Amino acid sequence: MTFRAMPPAALLCGVFSLTLGGCGESVDATDTGTTETGGATECVPGQQQGCDCYDDPSGDGGIMRTGENGIMTCDEDGYWGECMMCQPLGDGDGDGDGDGDGDGDGDGDGDGDDSVCGDGTVEGAEECDGSNLNGATCESLGYVSGMLLCTPQCTYETFLCVPPTCGDGIIEGFEECDAPEFNGLTCDDYGYMFGNLACIDCTIESSGCTDTLYAVDFEVGYTPEFDLTASPVWWTIDTIDVYEGLRCAKSAFTPSGTITFVDLTLDFGGGATLNFWYRTSSATTHTLDLLIDGVVQESWGGDTPWTQYSGAVSGGVHTIRWQYNKEDFATVSGGDYVSFDALSIPGATIIP
Ligand SMILES: [Ca+2]
Ligand SMILES: [Ca+2]
Ligand SMILES: [Ca+2]
C-alpha cells in the first residue's frame, strides 16, 4: 500500500518538530542519556520519550509495542508513530490511573465515559474508533483531500488532510471566501445596505458594511462640505464631459506651472472605501492627483476615458484632495482639464 511506502518517521518528524527524542529511535536501557540507534537527542534521566501510535491504514493488525523502560514505540509492522516531547516517567498525565489518557476513568481512551476506545465502535464522545471514521473524510471535515486518521483517543487526526489554499481565488473546503470570490454574498446578505465585504484569511469580514452612504453627483454643484477656497483658483463644474447626469467636478483653468485643487474632509468612521469616476484630458505629465491628508495616493494623466477608482481609506477624519497638477510647465494637451463624478463613500459621514 502506498501509505506504507512512505517513511513514517521522517514524515512525522517533519510535521511535529517539537520532539526532543527522534521519531522511532530506540532509547537506551538505563536512561544514561545516549541513544542506542539512530536519532539525535535523548530524554534526560527521569524522563521518557512518549509516542502516539495510529492505526495501520493497511489493517494488518499491528500492535502497539512497549520498548525499553516501558517506553512506547511504534510498531514497524504498520503503526504510525508520533513521537512527542519528553515527559516524566510513568504515563505523564498526572491522573494516577496509569493509562496515560488523563481522564482518570482508567479505560485508556481519554473520553472520561464508559465507552471503550479501541473496540471499533463509535460511541459516547468518540469521533471515531480505529478504522471506523464514522463516515467522515478529510473532505467532509472541510479539507480538500488526504487521509483522515483516528487517534488512540478516538478523535480525528487531520495532519494527513490537505487544507484549502487560501489566496488562490477559489473557495474550497472550509473557506468562506477567497478574494475576489465571496460565494455570491454581499453586505446585503449581512443586513446592510452599502459597503463591501472583506475576506480575511478566507473568512468573511463584514465590518466594511454600513447603512450610511455619503454620495455626491455634483448635479447641484459642490455641496458645502467641499472646500474650494484653499486653492489659488477654484475648481469648476463641467456640463459637457460628464460621467453621469448633467454635471461633474472639473479642474480650474490655469496656465502650466500651477496646481489647483478641491478638498473634502469627512469622518470615515471605522474605515471606508472611496469610490468615484475620473477623467483626464491633459498632457501626460499634467495629472489628476488623489491625495489623502496631503499624501499622493494616485496620479492619472493623458487622455484617460471615464474610469472608476476604488480605494480604502482608514478610519477617522481625513481630507481627500483632488488636484490638477500642471507644475512641470509641459505644453498643454487634450482639453487641458481633469474631472471626477459619482463620488460614493459607504460609511463616511459629514462632520457637523
Ligand atoms: Ca469505541
Ligand atoms: Ca482557496
Ligand atoms: Ca454628475
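The values are calculated or read from the model by the stated rules, or taken from the named source; none is laboratory data. The shown structure was predicted, so the numbers you read here are calculated from the model rather than taken from an experiment. Here the Cβ is made from the backbone with ideal geometry for all residues, glycine too, and neighbour counts use every protein chain on show.
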* Asked: Using beta carbons and a limit of 8 Å, which pairs, at least six apart or on different chains, have the first residue in segment 144-165 and more than 21 Å from E123 (Cβ to Cβ) and among the small types (G, A, S) and the second one more than 16 Å from ligand 2 (Cβ to nearest atom) and assigned to a loop (DSSP other than H, G, I, E, B)?
  -> G146/T158; G146/L160
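Being in contact (Cβ under 8 Å) with a residue 40 or more places away in the chain and in a strand (DSSP E or B) is the requirement here; does V296 meet it? Spell out how you get there, then give the answer.
Working: in contact (Cβ under 8 Å) with a residue 40 or more places away in the chain: no; in a strand (DSSP E or B): yes.
No, not satisfied.
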* Looking at T203, is it over 23 Å from F253 (Cβ atoms) and within 16 Å of ligand 2 (Cβ to nearest atom)? -> yes
* **Condition broken by G221, with the remaining ones in (1) more than 30 Å from R247 (Cα to Cα); (2) more than 16 Å from ligand 2 (Cβ to nearest atom); (3) at pLDDT 95 or above satisfied** => (1)
* To do: Just need a number here: residues in segment 190-222 that are closer than 19 Å to G347 by Cα, without any contact (Cβ under 8 Å) to a residue 40 or more places away in the chain, surrounded by fewer than 17 Cβ atoms within 10 Å (Cβ to Cβ) and touching a strand residue (DSSP E or B) at 6+ places or on another chain (Cβ under 6 Å).
  => 2
* Structure fact -> T273 meets each of (1) within 16 Å of ligand 3 (Cβ to nearest atom); (2) assigned to a strand (DSSP E or B) with one exception, condition (1)
* Asked: Here are some residues: D289, D188. Which one is of a type in the set (D, E), outside the structural domain of S339 (by TED's automatic domain parsing) and outside any loop (DSSP other than H, G, I, E, B)?
  -> D188
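If you scan segment 333-352, which residues turn out to be surrounded by 15 or more Cβ atoms within 10 Å (Cβ to Cβ), assigned to a loop (DSSP other than H, G, I, E, B) and not charged (D, E, K, R)?
From segment 333-352, those surrounded by 15 or more Cβ atoms within 10 Å (Cβ to Cβ) are 333-349; that's our starting set.
With assigned to a loop (DSSP other than H, G, I, E, B) added as a condition, the list becomes 333-336, 347-348.
The answer is S333, G334, G335, G347, A348.
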* **Pick from segment 167-186, criterion hydrophobic (A, V, I, L, M, F, W, C) and near ligand 2 (Cβ under 8 Å from one of its atoms), ranking: surrounded by the most Cβ atoms within 10 Å (Cβ to Cβ)** => I171
* Structure fact -> Taking segment 235-251 and keeping only residues that are assigned to a loop (DSSP other than H, G, I, E, B) and farther than 15 Å from L288 by Cα, one is left with T239, I240, D241, V242, Y243, E244, G245, L246, R247
* Structure fact -> S256 fails exactly one of (1) surrounded by 17 or more Cβ atoms within 10 Å (Cβ to Cβ); (2) assigned to a loop (DSSP other than H, G, I, E, B); (3) among the polar types (S, T, N, Q), namely (1)
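Residue-by-condition table, conditions (1) within 23 Å of A342 (Cβ to Cβ); (2) in a strand (DSSP E or B); (3) modelled with pLDDT of 90 or more:
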| residue | (1), (2), (3) |
| --- | --- |
| C154 | no, no, yes |
| D168 | no, no, yes |
| G184 | no, no, yes |
| I204 | no, yes, yes |
| S207 | no, no, no |
* Structure fact -> The lone condition T280 fails out of (1) under 24 Å from V317 (Cα atoms); (2) in a strand (DSSP E or B) is (1)
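Sort through T265, T239, T280 and tell me the only one that's touching a Ser or Thr at 6+ places or on another chain (Cβ under 7 Å), among the polar types (S, T, N, Q), over 26 Å from M193 (Cα atoms) and away from ligand 2 (no atom under 16 Å from the Cβ).
Details: T265 fails: over 26 Å from M193 (Cα atoms); T239 fails: touching a Ser or Thr at 6+ places or on another chain (Cβ under 7 Å).
The match here is T280.
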* Failed condition for P224, given (1) out of contact with any Asp or Glu (no Cβ under 9 Å at 6 or more places or on another chain); (2) within 16 Å of ligand 3 (Cβ to nearest atom); (3) in a loop (DSSP other than H, G, I, E, B), with all others met? -> (2)
